[in-house]
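K.L.:
Take this structure first; my questions come after.
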Amino acid sequence: MKNDLIEDLYANKEVNYFSLERKIFKDAVVGNGLKILDIGCGTGILGAYFKESQDATVYGVEISPNAYKE
């Protein structure tokens, strides 16, 4: 994927796109001490939720540099 396409998609995203917590995942992933790989983690808000609420170890991967700068 070309970087200019990624930046264009980022520029035209909804305001809260990268910070959505995705309730469906919060309800589906249950357990303490899990190891989670969050692909397309955006700002990392979902990973932070799992770290705090379930003592999970979370690894995040994000392709858009502007997303993880937020």
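K.L.:
Name the residue that is surrounded by the fewest Cβ atoms within 10 Å (Cβ to Cβ), counting only residues in segment 21-70 that are closer than 24 Å to L5 by Cα and either in contact (Cβ under 8 Å) with a residue 60 or more places away in the chain or among the charged types (D, E, K, R) (or both).
P.N.:
Among residues in segment 21-70 that are closer than 24 Å to L5 by Cα and either in contact (Cβ under 8 Å) with a residue 60 or more places away in the chain or among the charged types (D, E, K, R) (or both), the one surrounded by the fewest Cβ atoms within 10 Å (Cβ to Cβ) is K69.
K.L.:
Those residues that are of a type in the set (D, E, K, R), modelled with pLDDT under 85 and over 12 Å from the mean Cα position of the chain (by Cα), I need them from segment 1-48; list them, please.
P.N.:
First, pick out the residues of segment 1-48 that are of a type in the set (D, E, K, R): 2, 4, 7-8, 13-14, 21-23, 26-27, 35, 38.
Keeping just the survivors that are modelled with pLDDT under 85 gives 2, 4, 7-8, 13-14, 21-23.
Selection gives K2, D4, E7, D8, K13, E14, K23.
The values are calculated or read from the model by the stated rules, or taken from the named source; none is laboratory data. Note that this is a predicted model, so its numbers are computed, not measured. Don't worry about glycine lacking a Cβ; one is built from the backbone with ideal geometry, like all the others, and counts go over all protein chains shown.
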